[in-house]
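The values are calculated or read from the model by the stated rules, or taken from the named source; none is laboratory data. Owing to the predicted nature of the structure, the values given are computational and were not obtained by experimental measurement. Please note: Cβ atoms are built from the backbone with ideal geometry, for glycine as well, and neighbour counts cover all protein chains shown. The accessibility values were calculated without ligands, DNA or RNA, using every heavy atom of the protein model including side chains. Shrake-Rupley method; radii C 1.70, N 1.55, O 1.52, S 1.80 Å.
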Amino acid sequence: MNAAPEAAPLHRRRIVQGWLGRPLLQAWRLLDMLTPKRLDHWALFDHPLKRGQFIENARAVYEHIRADPAVRVCIFVRGGTRPRDIVESATVRIVALDTLAGLWMLARCGVLLLTNSTALDMSLAWRGGGYSAPRPALRRRVVVNLWHGIPLKRLFALANPAQRRAGDRDAFRRRERGFYAGLVASSETDARSMAAIFHPIAAANVWITGLPRNDFLRMPEAQLPAGLDRQLAGLRALRRGRRLLLYAPTYRDGSAGNGPCYRFSDAEVAALKQLLRRHDAVLGIRNHYVARAAVPLDPARHLDDDLLLDLGHARFEEIAPLLREASLVITDYSSVYIDALYLGLPVVGFAHDLADYSTHQNGLLYDLDLAFPGPVTTTFVELIDALDAALSAPAFQPDARYQRARRLFFRHDDAGNTHRVVEHIHAAIAGRLAR
C-alpha cells in the first residue's frame, strides 16, 4: 500500500514567515482587540505537529457542522498545505493562517476550537528556526479545547516538576486555560483529572461529552468520512484476513530521563514473527508522531509489510481505522488502549521502564492495576507469553475488571460524542449573547 496522497498546496503568499512576521503579530494583537467578533465564525486548526493533516476531534466536529447554514467553518492551516478530503463550500473555507488574509479572518472568528493550545494550534515557523503564535483576545470569544485524548499521563499542572516548568514556560499558555468556555472530557473521573490538569479552568466548564473522534470507532462503516474509508480499505489489503495486533508506544522526552523506547533485537523480532505465523496474525507498528521519537523496530530492517506492518502517521492519518480492524492493542503508557476499551478490544501492556517513567517522565495519573484491564508485562519474554495466551484463548469476553475500567473512562457508550460537543458549543454561544 502506498502512502496517503499528498495534500494539495495553497498558492498564497505566506507573509508572516518573512522578516515582517514578528512585528506583524504584534500589530495583529491590537487589531484583534479592536475587531468585532462573529460568533457564527468557528475556527478549527490543522494538527500542530502533523502539518497538512486535519484529523481527530477537529475533523469530527467539522463533519458534524460543515453543512450547517448557521455556521461559517474556517479551517486554518499553516505551511501552504491544503488538508486532504476537505471540500470548500459556501459554509466552509480553508484559510492559510500564515498570510495577511488568514490573520484578518482569525481576528473575526468568535469561536476558537483548539485541540491543544493557541501556542501550538496557531504556531507559525520562522525562517531560520523558531516559532511564534498570535495571541488572541480570549475574553471576547468562546474558546473550547477539544483535547485530543483521555490522559493516562500527568500533564501541565499535574506533571512532574521539570515537565511542568517546560510546559508552562509560555505564561500565556498557562493563563488561557482559565478562559476556556469548554474542555471536553469522557467521564466523571476524566473530568476531575482534566480540571486539575488544566488549572485554572472552572470545573463547571469541563464538559463530559465524550471525545468526538471516538465516534469514528463506533459509527457504521458506511458513514465514515472520506479518507477514513480509504485508509480502512488499505489496511485490509495489508492484513489479508489475518488478525491485527496494534502496537502503539508513547513518546518519551529524552531530556527528562534515561528511559528510551524499547528497541527489539533481531532475535526478538524473529521470535515475534514466529508467534505471528503460528497464530495467523500480523503486528502493526504505530510510532508516536513526534519526529524525534525513538522507534521500537528498525523500519529498514524489520518492517516488511508482511508480518510487521508500518502503520505510521504518514500512511494512516487517523487511528480509528487501525482500531476498527485490530484484534488486540499493545502499548506502554499511551492512552490508545483507552480507545481500545471503547471497542471492547483486549489490551496488553509492555511497561519495560515503569519505574523510570513514573519518576523522570510524565508519570501516571492512575494506578495501572486499576486503569489497565489486561496483563502488564515488563520483559520481552513476558510480552511474548501474554500475546501467546491472548491469541490462543477463545473469543475475548470482557470480565468485571475490564468493565470497571471502561466505566472509569466512559460515561457514554455510543457514537454521539460530537453531537453533544456541538450542543455545548451552541449553549456557550447563547450564554455569551445573553450577557
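With respect to residue 411, is the statement that it is of a type in the set (D, E, K, R), surrounded by 13 or more Cβ atoms within 10 Å (Cβ to Cβ), touching a strand residue (DSSP E or B) at 6+ places or on another chain (Cβ under 6 Å) and closer than 18 Å to residue 190 by Cα true? If you could, list the steps in order and put the result at the bottom.
Working: of a type in the set (D, E, K, R): yes; surrounded by 13 or more Cβ atoms within 10 Å (Cβ to Cβ): yes; touching a strand residue (DSSP E or B) at 6+ places or on another chain (Cβ under 6 Å): yes; closer than 18 Å to residue 190 by Cα: yes.
Taking the combined requirement at face value, the residue satisfies it.
Tell me which strands (runs of 3 or more DSSP E) are completely within segment 299-354 and hold 2 or more residues being closer than 15 Å to residue 390 by Cβ, or say none if there are none.
326-331, 347-350
Taking the conditions (1) under 26 Å from residue 88 (Cβ atoms); (2) in a helix (DSSP H, G or I) in turn, residue 174 satisfies each one other than (1).
Of the listed requirements (1) in contact with a Lys or Arg (Cβ under 9 Å, 6 or more places away or on another chain); (2) open to solvent by 40 Å² or more (accessible area, probe 1.4 Å), residue 363 misses just one: (2).
Filtered by the rule that a residue be within 15 Å of residue 210 (Cβ to Cβ), at pLDDT below 95 and open to solvent by less than 20 Å² (accessible area, probe 1.4 Å), segment 148-192 gives 149, 150, 151.
Annotation: of all residues in segment 42-54 being in contact (Cβ under 8 Å) with a residue 60 or more places away in the chain and open to solvent by 10 Å² or more (accessible area, probe 1.4 Å), the one that is nearest to the chain's Cα centre (by Cα) is 47. Here is a check on your reading of the model: is residue 228 modelled with pLDDT of 95 or more and over 19 Å from residue 387 (Cβ atoms)? Spelling it out, residue 228 is indeed modelled with pLDDT of 95 or more and over 19 Å from residue 387 (Cβ atoms). One residue stands out among those in segment 100-134 that are at pLDDT below 90 and in a loop (DSSP other than H, G, I, E, B): the one that is most open to solvent (accessible area, probe 1.4 Å), which is 127.
When only residues in segment 59-89 that are under 13 Å from residue 40 (Cβ atoms) and among the hydrophobic types (A, V, I, L, M, F, W, C) count, which is most open to solvent (accessible area, probe 1.4 Å)? This residue is 70.
Within segment 295-322, residues that are hydroxyl-bearing (Ser, Thr, Tyr) have Cβ atoms under 6 Å from residues that are crowded, with 20+ Cβ neighbours inside 10 Å and in a loop (DSSP other than H, G, I, E, B) in no pair, counting only partners at least 6 apart in sequence or on another chain. Restricted to segment 336-360, and to residues there that are closer than 19 Å to residue 197 by Cα and surrounded by fewer than 20 Cβ atoms within 10 Å (Cβ to Cβ), the residue that is modelled with the lowest pLDDT is 360.
Summed over segment 55-99, the residues that are in contact (Cβ under 8 Å) with a residue 40 or more places away in the chain and more than 21 Å from residue 140 (Cβ to Cβ) give a count of 23.
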